[in-house]
Amino acid sequence: MKIFIKNMVCNRCISAVENIFRNADVKTANILLGEVETEADLSPEKMQIIEKELLDTGFERIMDSAHQTVEKIKNLIIVKISELDISEDFLLSEFLSSKLHKDYSALSKTFSQNENITLEQFFILQKIEKVKELLLYNEFNLTEIAGKLGYKSVQHLSSQFRNTTGFTPTEFKKLKEHNRKALDNL
């Protein structure tokens, strides 16, 4: 049985969901970002227990296919950005179409209708959150960050950063409160 779950955005999320299923004595065949496959179908009572535990932990079961598609899109984008290997010629449309085997315009429409934000805006917000993280950790300079996240130049990154946050990257680093957002809240 496949169960789709909202807000699974990292390996710690997979671990948390795995614990929920283990504690409920449900054997899983596979757990990926956004979905769990159980070895057997679950009774309505067992499913109710799982759903309550998921909600208590900040997750949510996704029932309809549109929301499942949106969650898959979000997870693909988050993972792609976390890899820090986006080329300058990266096209979000080609990436998502090839991964989900669906027409990008349909994916974009589904995403926008369910999230009240465009796919491109979501992608930019995710990249900006990653820039914030990398700036705070001081692992890379701005030129390296721009290269890892597919920006054609530091100026392009800085401009997008300022348009999104209201600060330049340098101003952001100097702030006492950095206002980072959880990836599942974007």
When we measure straight from the Cα of K102, which aspartates and glutamates land under 18 angstrom away, once same-chain ones fewer than 8 places off are left out? D64, E71, E94, E120
Protein accessible area in the chain, 1.4 Å probe - carbon and sulfur %: 47
Rg/Rg_globular for the range 1-145, with Rg_globular taken as 2.2 N^0.38 Å and Rg from C-alpha atoms: 1.17
Taking H as built 1.01 Å from N, whose amide H comes closer than 5 Å to the amide H of E35, not counting residues under 5 places away? I5
Counting only backbone N atoms under 19 Å from a point 7 Å out along Cα-to-Cβ of E144, the residues of the range 87-128 in range are 87-88, 128
Please compute the contact order of the range 40-167 in relative form: average sequence separation of alpha-carbon pairs under 8 Å and at least six residues apart, divided by the residue count, as a percent. 25
Simple Cβ-charge dipole of the chain, Lys/Arg +1 and Asp/Glu -1, about Cα centre, in debye nearest 20: 580
Please enumerate, by chain and number, the lysines with C-alpha under 16 Å from the C-alpha of K46, excluding those fewer than 8 residues away in the same chain. K2, K27
If I take R0 = 41 Å and measure r between the Cβ atoms of L84 and M63 in this structure, what FRET efficiency does the formula 1/(1 + (r/R0)^6) give, to the nearest 0.05? 0.75
Which far-off residues, 5 or more places away or on another chain, put their amide H under 5 Å from the one on E60, with H placed in the peptide plane? K6
Considering only protein heavy atoms, what per residue accessible area in square angstrom results for the range 1-82 with a 1.4 angstrom probe? 53
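The values are calculated or read from the model by the stated rules, or taken from the named source; none is laboratory data. Fair warning: this is a prediction, and the values are worked out from it, not measured in the lab. For neighbour counting, all protein chains shown are included, and Cβ atoms are generated from backbone atoms with ideal geometry for every residue, glycine included. Protein only, heavy atoms only, side chains kept; ligands, DNA and RNA dropped before computing areas. Shrake-Rupley method; radii C 1.70, N 1.55, O 1.52, S 1.80 Å.
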